[in-house]
């Protein structure tokens, strides 16, 4: 019985977190995006962390695969003179759209943060660039044609958690196995 409980708890707590990633320049457009989490390698929940660098007029694009019901959380945190340098702006785009699904300029003054529930399965793109006055932060051109003076290293964390129904189904199945085991004894 103890062994079954340990296996069940281990399965519930198993997280493919975390993996380190980096960027390869140029990655200033969706076409040149670096892959961050591409969940063909595992099932969520998982998280990846990257220590990246923003240069003048630079943008960083990262490709991610999401399934319906996945919760995406992406957060940037500036390393130089936290929480100010570099001042980032972040957005999430689908594979074809030119308007951000969700975007953020300031997460309480600590970089940028977005959270989104995937309504369709597919490839998505996280775009990070430096803040600049003017322009529309929800527009793809704000990121692909970046003009800013923000420079410095930043941390990007990207995590994906599956929709709650999957976890409930897993928990119910494990509870059923436990009940069956107890009944046999």
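What follows draws every value from the coordinates through simple rules; no lab data is involved. None of the values given here were measured: they were computed from a predicted structure. In this analysis, Cβ positions are derived from the backbone assuming ideal geometry, glycine residues included, and neighbour counts consider all displayed protein chains.
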| Cα-derived Rg to Rh of the range 19-163, Kirkwood definition | 0.93
| said: For the ranges 86-97, 64-75, what's the packing order if you count other beta-carbon atoms within 10 Å of each residue, average per peptide, and put the highest first? | reply: 86-97, 64-75
| said: Quick check: residue separation of residue 25 and residue 49 times 0.36 nm, minus the Cα distance between them. What number comes out in nm? | reply: 6.9 nm
| Pairwise label distance in nanometres, residue 107 with residue 138, each label 7 Å out on the Cα-Cβ vector | 2.1 nm
| note | Computed on Cα atoms, the radius of gyration and Dmax of the range 50-110 in angstrom are 13.0, 38
